[in-house]
1. On the accessible surface of the chain, probed at 1.4 Å, how many percent belong to carbon and sulfur atoms?
2. Provide the convex hull volume over Cα atoms per residue for the stretch 88-163, in Å³.
3. Cα-Cα pairs above 25 Å in the stretch 233-354: how many percent?
4. Any idea which of 126, 85, 140 is furthest toward the positive side of the dipole for the stretch 83-148, if Lys and Arg beta-carbons carry +1 and Asp and Glu beta-carbons -1?
5. Where a Cα-Cα gap under 25 Å defines reach, which lysines qualify for residue 32, not counting those fewer than 8 residues away within the same chain?
6. Can you work out the Karplus-derived ³J(HN,Hα) for every residue in the stretch 161-167? Use 6.51 cos²θ - 1.76 cosθ + 1.60 with θ = phi - 60°, whole Hz, and x for glycine or proline.
7. For the stretch 270-309, what's the relative contact order in percent, using C-alpha pairs closer than 8 Å and at least 6 residues apart?
8. Quick check for you: with a 1.4 Å probe and neighbouring chains kept, what is the accessible area per residue of the chain, in Å²?
Amino acid sequence: MAISDLVAGQHGNDVILTFTLPQETVTHHQLKQAPEIEIYRDFLPPPVAGSSAPAPASPATPTLLFVIPSAMVGQYTTKNHVRYADSLAADDLAHHTGWLAMYGARTRVSAKRSSADSNHAGVRIYPAPGPIEDVQAEVTHHGIILRWTPPQKTPVGPAPAIAAYRIYRSEVAADATPAPPAAGQAQTPKLKMPLARIGDTQDPPFQNTQVEFGTTYVYSVRSLSQYPDVLLESADSNLVVVTPRDTFPPSAPQDLVVVLVPVQGQEPAHLDLSWAISPETDIAGYNVYRGEQESAPGTRLNPELLLTPAFRDMNVVPGHRYLYTVTAVDRAGNESPASAAASGGVPVESQPNP
């Protein structure tokens with residue numbers, strides 16, 4: 001059977017061909033093995049501006065580009081769908097910019113038994129900037145920031161103006177056991193799912209705020225070049241693998257107040273502390289520190305984290321003046337800087353008579 005769903009699209013400086021591999025003969029008998037695949041390609045010039053002449057037709061005798069032997073078809077096939085990348089040479093792009101690259105395919109099981117021609121699939125080709133090579137990731141309290149240098153060249157000369165950048169992301173598979181990379185090649189992580197577009201930006205940098213600490217992400221950046229009739233996306237940049245960890249302490253608590261509570265019956269005078277609730281969403285609790293000298297760190301008073309922004313200090317010595325500070329602790333165990341100090345004390349005469 002002839003291939004009937006051939007599709008062509010340019011990605012970077014490759015043209016990606018996809019189609020379904022035939023499984024039957026024209027008499028509807030199942031093929032005993034994968035057929036050999038022949039890929040054909042010809043370049044057709046663009047129509048002359050203002051001309052009423054019909055668009056050029058595909059050549060009667062197409063030019064053979066590549067043959068995939070039967071034994072190698074499996075390397076190009078996933079679930080019966082074939083994917084073949086035609087890497088455009090610099091000469092192809094230099095002499096045929098804006099031309100239509102027209103593709104066709106045939107399959108055969110022997111020298112004398114080939115299928116009919118597939119449908120024709122064409123794509124107008126342009127030189128794309130080279131892939132970005134220096135994407136770097138920085139982990140911040142508010143997410144991951146990606147930075148890179150804009151591309152400068154295509155295979156045939158300076159890069160055109162970059163219209164925008166597209167950001168792609170995936171996650172590393174939980175069971176990924178990376179194999180040693182081949183000599184001279186970077187290690188490619190095993191992805192949990194294909195890279196998915198998560199955002200665009202006109203210029204670097206790009207901040208991804210939708211991240212979870214402890215998850216390993218993989219990022220790629222592609223540039224977009226604007227040509228007269230197409231917005232051309234570059235190939236993937238270097239892949240950046242990053243596992244953000246929460247090493248960022250919360251902000252210091254605010255509005256610490258120390259209030260003297262006088263004697264009430266048999267309950268001695270004491271000091272009540274309160275402060276504003278932290279606006280951050282991952283606070284696990286608070287610590288209270290007490291000292292008597294501004295130059296010396298205080299002693300922590302609570303054996304366990306305080307779940308509410310309040311503390312009662314019953315262990316005060318009348319006549320002493322104390323300095324209190326408070327810190328916040330997040331769920332990752334990061335402790336904030338100390339709050340501004342607040343002072344308080346219990347007068348000697350405020351204690352009940354024995």
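1. 53
2. Values: hull volume 15.0 nm³, N = 76.
Normalising the Cα hull of the stretch 88-163 by residue number yields 197 Å³.
3. 37
4. Highest projection toward the positive end goes to 85.
5. 79, 112
6. Residue by residue, the stretch 161-167 yields 4, 8, 6, 5, 10, 10, 9 Hz.
7. 43
8. On the way: 19970 Å² over 354 residues.
Ligands and nucleic acids excluded, the result is 56 Å² per residue.
The values are calculated or read from the model by the stated rules, or taken from the named source; none is laboratory data. All of these numbers come straight from a predicted model, not from anything done at the bench. Cβ sites come from the backbone with ideal geometry, for glycine too, and all protein chains shown count toward neighbours. Accessible surface is based on the protein model in full, side chains and every heavy atom, while ligands, DNA and RNA are left aside. Shrake-Rupley method; radii C 1.70, N 1.55, O 1.52, S 1.80 Å.
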